[in-house]
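Q: This structure is in structure tokens; I'll ask about it shortly.
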Amino acid sequence: MQLNPPSTGMFRGLGRSVSRLALIAGLGVVTALGPVIPAGTAEARGAPESFADLAEQISPAVVNITTSSVVSTPLQGRPNLPPGFEDFFRNLPGQGGEGEEQGPQRSEALGSGFVISEDGYIVTNNHVIEGADEISIEFFSGKKLDAKLVGTDPKTDIALLKVESDQPLPYVPFGDSDLMRVGDWVVAMGNPLGQGFSVSAGIVSARNRELSGTYDDYIQTDAAINRGNSGGPLFNMDGQVIGVNTAILSPNGGSIGIGFSMASNVVTKVVDQLRQYGETRRGWLGVRIQDVTPDLAEAMGIKEAKGALITDVPEGPAKDGGMKQGDVILNFDGADVADTRELVRRVADAPIGQAVKVVVLREGKTETLQITLGRREEAESTPTPVAGTPPAEATSGELLGMTLEPLTAETAQQLGLSPDAQGLVITKVDVASEAYAKGLRDGLVITEAGQQKVVRLKDLQDRIKEAKDAGRKSLPILVRQGGDPRFVALSVE
């Protein structure tokens, strides 16, 4: 399945013809926007007889966005897109097809957005405006204004623009996306296929969808979201924005009615920071983590498969606060942690430079730590050497379906590790083994087993025996590929 951003990119010839098209509303005369509706509780209701009143209310605050930029070659004329979105722009005029003239030329891209304040702040998608030299905003009334970029957040694909107007602009408020339920009515509005203002309606098909980003929290909807809808709003029945239309799920690059909108409760935090600082400022804990799976919970003697398991603690706030590899984070800043996704969001939203309480499970007991968070954007990733004593032998052997041998300085360098890294390097994996089924391959390095360092084959043999003697069915091992560690539970029976 391919994810496509619902925006339309094209070169000047086609862009000009699109800009001359009459704006299509299909809703009769649109009057001025009424009073801004305060955020409230979404209530269950029957199918509306018509969406016309709602469309009439929200239309003045929805805008069409045209961006323009000079590119050196047609292939560079496409807007910069999130990973997996690029195929959508194949076979469009001017996109570097066979026989097309190469050389600098001006390209245009179309998208959507919406006004969030009467003084002219506008929200859209980052991929709509990324790389643009000029940004033009067209309102439902036909009025056009040039926009300046305030800030962007590629991680959530959100951008904030600003226009200057001699009159207060109609705007729409954000609603609480957490109140939306599967089956609730929603309305999408934007500039699909470059045809001008258009409204579509549907329901919330699913919530809390994760596509490819760290902070993803998408609302899935069957309201028609097509090419050009990128950056447009998804409304609830009270006229509040509960999502920003961002992606289309398609098997072939077309629109099949499955759209994704970034939840407003994610967007509002990003917009507030962009408005205040011109950039995002997310909290940074400074650990590598993974989910606690049922087999890992059993192997580590944990009662419930929940929380975030720490696989590595490089230099940073967590290490300064006393966190250790193998700790399981159960509670962060007063709220229980179900999994890594939940922890990442809570850390990102936490205040920078302030101490927060973090409850970890360590060797069967809970401990409360005080961690002063850093800023994620300023954090630098550096390879973490694996400490250990030099191997006493270089003899290979087979354990748990893997052929292993002590890691040498030469092999460590070849694998992108620190020369003084220690552990057991996997040289072969039986394709019929559990290790192979769980993703272990040649070139990975085992650095811990049973939460103790392993340097020699005997170290791993001892950990296997200890697990069996303790009546456990599996053993947690820590493997590294380059600087990325993860825990894997392997059966010892």
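Q: Considering each residue of region 317-339, count those that are assigned to a helix (DSSP H, G or I) and either hydroxyl-bearing (Ser, Thr, Tyr) or closer than 16 Å to ASP349 by Cβ (or both), and give that number. So that I can check it myself, show each step before the final result.
A: Within region 317-339, the subset assigned to a helix (DSSP H, G or I) is 317-320.
Imposing the further condition that a residue be either hydroxyl-bearing (Ser, Thr, Tyr) or closer than 16 Å to ASP349 by Cβ (or both) reduces the set to 317.
Residues in region 317-339 being assigned to a helix (DSSP H, G or I) and either hydroxyl-bearing (Ser, Thr, Tyr) or closer than 16 Å to ASP349 by Cβ (or both): 1 in total.
Q: Kindly list the number of the only condition in (1) modelled with pLDDT of 90 or more; (2) surrounded by 15 or more Cβ atoms within 10 Å (Cβ to Cβ); (3) of a type outside the set (A, V, I, L, M, F, W, C) that fails for THR366.
A: Going through the list (1) modelled with pLDDT of 90 or more; (2) surrounded by 15 or more Cβ atoms within 10 Å (Cβ to Cβ); (3) of a type outside the set (A, V, I, L, M, F, W, C), THR366 breaks only (2).
Q: Let me ask something else. Suppose we filter region 172-222 for residues that are in contact with a Leu (Cβ under 7 Å, 6 or more places away or on another chain) and either under 25 Å from PRO154 (Cβ atoms) or acidic (Asp, Glu) (or both); how many remain?
A: Final tally of qualifying residues: 7.
Q: Right, another one. Does region 274-316 hold any residues that are surrounded by fewer than 18 Cβ atoms within 10 Å (Cβ to Cβ), without any contact (Cβ under 8 Å) to a residue 24 or more places away in the chain and not in a loop (DSSP other than H, G, I, E, B), and which are they?
A: Scanning region 274-316 gives GLN276, PRO294.
Q: Here are some conditions: (1) at pLDDT 80 or above; (2) more than 30 Å from ARG281 (Cα to Cα); (3) not assigned by TED's automatic domain parsing to the domain that holds PRO485. LEU373 meets all but one. Which one does it not meet?
A: (2)
Q: Name the residues in region 424-476 that are at positive phi and in contact with a Gly (Cβ under 8 Å, 6 or more places away or on another chain), would you? Quick ask: steps written out before the conclusion?
A: Residues of region 424-476 that are at positive phi, as a first pass: 439, 443, 450-451, 471.
Passing the criteria: only GLN451.
Q: Right, here's the next one. State whether the residues of region 350-370 include one that is in a helix (DSSP H, G or I) and in the same structural domain as LEU296 (by TED's automatic domain parsing).
A: Going through region 350-370, the residues in a helix (DSSP H, G or I) turn out to be none.
Among the residues of region 350-370, not one is in a helix (DSSP H, G or I) and in the same structural domain as LEU296 (by TED's automatic domain parsing), which makes the answer no.
Q: With region 123-242 as the region, which strands (runs of 3 or more DSSP E) entirely inside it contain at least 1 residues that are surrounded by fewer than 17 Cβ atoms within 10 Å (Cβ to Cβ) and at positive phi?
A: The qualifying strands (runs of 3 or more DSSP E) are 198-209.
Q: Only residues that are surrounded by fewer than 14 Cβ atoms within 10 Å (Cβ to Cβ), charged (D, E, K, R) and in contact with a Pro (Cβ under 7 Å, 6 or more places away or on another chain): list them for region 408-460, please.
A: ASP420
The values are calculated or read from the model by the stated rules, or taken from the named source; none is laboratory data. Quantities reported herein were computed from a predicted structural model and do not represent experimental measurements. Using ideal geometry, Cβ is built from the backbone for each residue, glycine included, and neighbour counts are taken over all protein chains shown.
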